[in-house]
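Notes follow once the structure below has been shown.
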Amino acid sequence: MNQADERNWARNYRYAAPIVHPTSINEVQELVAGATRVRALGSRHSFNAIADSTGILLALDRLDDAIVIDPVAMSVTVSGGTTYGTLAVELEEHSYAVHNLASLPHISVAGAIATGTHGSGDQNGSLATAVTALEIVTGSGELLRVSRGSTPDFAGMVVSLGALGIVTRVTLDIQPSFTVRQVVYENLPWTSVLENFDAVLGSAYSVSLFTDWQGESADQAWVKSRVGDAPGEARRDLASVGTMPFTGGPSFFGGTAATIARHPLPGITAVNCTEQLGVVGPWSERLAHFRMAFTPSNGDELQSEYHVPREHAVAAIETIRTLSARIAPLLLVGEVRSIAADDLWLSPNFERAGVALHFTWKPEQPAVEALLLTLEAALAPFAVRPHWGKLFQTDAKTLATSFPRLGDFRVLADRLDPVGKFRNAFIARTVLDRAHP
């Protein structure tokens, strides 16, 4: 049991609970059964108190990390502590893929799906939409197996915020491997972007806009285009193209193609970013923004993210731009991405196609949190929903108006965890709307 000064990836949050590293599911069951309060700790990429506990924290990074591919069911089963980077390498070696990756591949599978983490693409749901089955250790220590299509309320169990139990195994949909070319365009006029917003975000498999919210242009567009759909076709394309760059054309909605690789932040080397300049490569080396071989020790930053329905995205962006003078002094970079609708109760994209408005802040938490109150008030008319793993100020009463199944989730949590073993102050504030004992 580790009681050292343990912090999250960004080092803005210190965990109060001691951390235990079980090495088997049986040990997880015993620890959970014997605990009064317990939570799972993933790869520590949340920026708030969502993972903490007044009891113990279970880090699943030492569980059996066997990755089991089922080519008949077209699925893969992994430990809850497995990272997407590890999974992606294994799948690509066997000519398979998952549908998308987040910007950073070092996040754990269980943690990412529990918080509704996502990549980008009009037709791409969040990472949680690929989940077909879960193994969950409940408060009594029982191992509960649930699956899509056969378990009632399964749609409420995937983006669960860790409030239902400890997820020890996850089964995901897979597909044949494919290749991607990534081209970065610079200085896209906001007038062109907003007048053609659907065309911009729908122009490729995955599109991200990076901005400092100042001036009349979005700084960069990262355009990731899918090349081959079948494994053989993809590899023929990769073999024939080799490393010859493909710029994708000199312009993109008024932006110009970058001639050297870019980092989202100006003046920073792109050495740790996934390859650009149109060089075709496997999905596993293009869909994330950062290379899997690059292992960040900590991030000197804070993050917030707000999701709005697609139909409100342009108005929300225009509203944020009016706040640029207040945002810019605290901002490192902003990002705009699209995500497909889903049926997962606590997903920010529940029953609506969404646009994610992401903010990477300087590590000045009191000032950032004060600004978030203003930002959230400005975005309130647009049915805004926060990313559960990032900084936000909204409480459960307000969240219940934007997450229509939040009340049903409370009932589900009371049924699966009647004694509140997996609850903490964060869950009490944002979900339960009642005090945490």
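Close amide H contacts of Asp212 (hydrogens built in the peptide plane, cut-off under 5 Å, sequence separation of 5 or more or a different chain): Asp219, Gly334. With the simple model of a label 7 Å out from the Cα in the direction of the Cβ, Ala73 to Thr36 spans 3.9 nm.
A simple packing score, the average count of other Cβ atoms within 10 Å per residue, orders the peptides 199-211, 256-268, 416-428, 77-89 as 77-89, 199-211, 416-428, 256-268, with the highest score first.
The label point for Leu330 and the one for Ala261, both projected 7 Å from the Cα toward the Cβ, are 3.3 nm apart. Going by a ≥ b ≥ c, the root eigenvalues of the Cα gyration tensor, does the chain fall in the rounded group (a/c under 1.5), the prolate group (a/b larger than b/c) or the oblate group? Since a/c reaches 1.5 but b/c is at least a/b, the shape of the chain is classed as oblate. Our estimate of slack between Val419 and Glu311, defined as 0.36 nm per intervening residue step minus the Cα-Cα distance, is 34.8 nm. Under a Gaussian network description of the chain, with springs only between Cα atoms under 10 Å, the residue in Ala163, Ala49, Ala293 that fluctuates furthest is Ala293.
Once you have the Cα-Cα distance between Lys362 and Ile268, take 0.36 nm times their residue separation minus that, and quote the gain in nm to one decimal.
Details: separation 94, 0.36 × 94 = 33.84 nm, distance 1.53 nm.
Fully extending the segment from Lys362 to Ile268 adds 32.3 nm.
Using every Cα-Cα pair within the range 80-228, state what percent have a distance larger than 25 Å. Of all Cα-Cα pairs in the range 80-228, 40 percent lie more than 25 Å apart.
Decide, for the range 275-388, between rounded, prolate and oblate: order the square roots of the alpha carbon gyration tensor eigenvalues as a ≥ b ≥ c, take rounded if a/c falls under 1.5, and otherwise choose prolate if a/b is larger than b/c, else oblate. Numbers along the way, then the final one.
On the way: a/c = 1.85, a/b = 1.21, b/c = 1.53.
Oblate.
By the helix-only formula, in which each DSSP H run with n ≥ 4 contributes -39500 (n - 2.57) and the sum is divided by residues, the chain has a 222 nm mean residue ellipticity of -6000 deg cm²/dmol.
Axis angle, to the nearest 10 degrees, between helix 365-379 and the longest C-alpha principal axis of the chain: 70 degrees. Counting only residues at least eight positions apart within a chain, or on another chain, the lysines with an alpha carbon under 17 Å from that of Lys390 are Lys362. Compared with the dominant principal axis of the Cα atoms in the chain, helix 231-241 is inclined by about 40°.
The modelled label-to-label distance for the pair Glu351/Asp5, using points 7 Å beyond Cα in the direction of Cβ, is 4.8 nm.
For the range 341-437, rounded, prolate or oblate, judged on the Cα gyration tensor with a ≥ b ≥ c (square roots of eigenvalues), a/c < 1.5 rounded, else prolate if a/b > b/c? Here the range 341-437 falls in the oblate category.
Whole-Hz Karplus values for the range 399-416 come out as 4, 5, 7, 10, 10, x, 9, 4, x, 5, 5, 4, 5, 4, 5, 5, 6, 7 Hz, taken residue by residue from phi with 6.51 cos²θ - 1.76 cosθ + 1.60 and θ = phi - 60°; glycine and proline positions read x. If R0 is taken as 35 Å, the Cβ-Cβ distance between Glu318 and Leu144 corresponds to a FRET efficiency of 0.15.
Read the figures in this text as sums done on the coordinates, not as results from a lab. All values reported here derive from a predicted model rather than from experimental measurement. All Cβ positions, glycine included, derive from the backbone under ideal geometry; neighbour counts span all protein chains shown.
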